[in-house]
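To keep things clear, I will list the structure first and then write my remarks on it.
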Amino acid sequence: MIHYISRNDIIEEACHRMLKEMYMRAQPPVDIDDYIAKYKDGTFDKEKDRCYEWHYLPSAIQNQIVEDYLKAYNANDQMREYFEWLLDLFKNGGYRTVYKDVFGDGKETRSAEETEKLPELIGEENAEKVYNLIKDFLGFYRRNLDECSIRWTIMQCPTTNSKTVKEHWGQDFEVDDSVYKNNDGEWDYIYKDYYDGAINEDSWYTAEKEE
């Protein structure tokens, strides 16, 4: 039987890839698939396998990765942008497509004309009611399901508390935030190239950045 991939399948794959990337960039790094395998074969121990408490990744880096995955999978919620654009068109007017005899030769040509502002059409009081209704919609319809699915994945991400990670791995274990920052001291997870959680000094990308 042929299995056709659905949008939900794609988003689930994105969530898994994102989670896997975060744990590979964490300190210490770990392959999240190892924990998933324990879930599947029934050997996962809630006390011994608390991966989300034992691997550290700064919240700034987690947020950057989430935003990049949202963009890559076109899962960003654009509802606010559309509603605000609609409000602006209602308040200030816009343009619509019309067909008319522009050159006086009897042939209709596609053209554009300005639209009326909403207060001019239905009055200031009624226009205000429409604006408020659109704002109510904007307040309720916050995010689409794709974005929610990806953002909720962060609940399974590495901890942002370096203290608990140090306590688990021992005092000899050090957490180094510098590997997540660029030369200007800004959080930038793509600044360094990682291999098994460590900076790959042989990477052309790393070498180029260091120059």
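Readers should treat all values here as calculations from the given coordinates under stated rules, not as data from a laboratory. This one's a predicted model, so the numbers in the text were calculated from it and none came from an experiment. Here the Cβ positions follow ideal geometry from the backbone for every residue, glycine too, while neighbour counts run over all protein chains shown.
Nearest 10 degrees, 0 to 90: what angle lies between the long axis of helix 124-140 and the longest principal axis of the chain (Cα atoms)?
So the helix axis and the longest Cα principal axis differ by about 20 degrees.
Give the angle, between 0 and 90 degrees and rounded to the nearest 10, that separates the Cα long axis of helix 59-72 from the longest principal axis of the Cα atoms of the chain.
So the inclination is approximately 50 degrees.
Ranking C15, C157, C148 by Cβ neighbours within 10 Å, fewest first, what do you get?
Fewest-to-most ranking of C15, C157, C148: C148, C15, C157.
Once fully extended, how much extra length lies between Q78 and S149, figured as 0.36 nm per residue of separation less the alpha-carbon to alpha-carbon distance?
Values: separation 71, 0.36 × 71 = 25.56 nm, distance 1.55 nm.
Gain on stretching Q78 to S149: 24.0 nm.
With log10 I(q)/I(0) by the Debye sum over Cα atoms at q = 0.09, 0.13 Å⁻¹ as the read-out, I listed (1) -0.39, -0.78; (2) -0.60, -0.89; (3) -0.35, -0.76; which label goes with the value calculated from this structure?
After the calculation, the listed value that fits is (2).
Provide, for region 79-140, the number of lysine pairs with alpha carbons under 27 Å apart, each pair being eight or more places apart or on different chains. Numbers along the way, then the final one.
Numbers: K91/K100; K91/K117; K91/K129; K91/K135; K100/K117; K117/K129; K117/K135.
Qualifying lysine pairs in region 79-140: 7.
Output the antiparallel fraction of DSSP beta bridges having both residues in the chain, as a percent to the nearest 5.
Working: 10 of 11 bridges.
Bridges in the chain are about 90 percent antiparallel.
Ranking I5, I122, I154, I11 by Cβ neighbours within 10 Å, fewest first, what do you get? It would help to have the intermediate numbers written out before the result.
On the way: I5 8, I122 13, I154 17, I11 20.
The fewest-first ordering by Cβ neighbours comes to I5, I122, I154, I11.
Based only on other Cβ atoms within 10 Å, what is the fewest-to-most ordering of F83, F140, F90? All intermediate terms of the calculation are to be shown ahead of the outcome.
Values: F83 16, F140 8, F90 19.
The most exposed by this proxy come first: F140, F83, F90.
Using 0.36 nm per residue, how much length does the chain from D101 to K71 gain when fully extended, once their Cα-Cα distance is taken away? Can you show the working numbers first?
On the way: separation 30, 0.36 × 30 = 10.80 nm, distance 4.37 nm.
Roughly 6.4 nm would be gained on extension.
Working out 0.36 nm times the residue gap between T115 and T43, then minus their Cα-Cα distance, what length gain in nm do you get to one decimal?
Values: separation 72, 0.36 × 72 = 25.92 nm, distance 6.54 nm.
Going from the current span to full extension adds 19.4 nm.
Between V175 and K20, what is the FRET efficiency for a Förster distance of 35 Å, r being their Cβ-Cβ separation, to the nearest 0.05?
Values: r = 21 Å, r/R0 = 0.59.
Using R0 = 35 Å, I get an efficiency of 0.95.
On a 0 to 90° scale, report how tilted helix 32-41 is relative to the longest principal axis of the chain, with both axes built from alpha carbons and the result rounded to the nearest 10.
80
What 222 nm value per residue comes from the helices of the chain, counting each DSSP H run with n ≥ 4 as -39,500 (n - 2.57) and dividing by all residues, nearest 500 deg cm²/dmol? Let's see the in-between values first.
Working: 10 runs with 106 residues, N = 211.
The helix contribution divided over the chain gives -15000 deg cm²/dmol.
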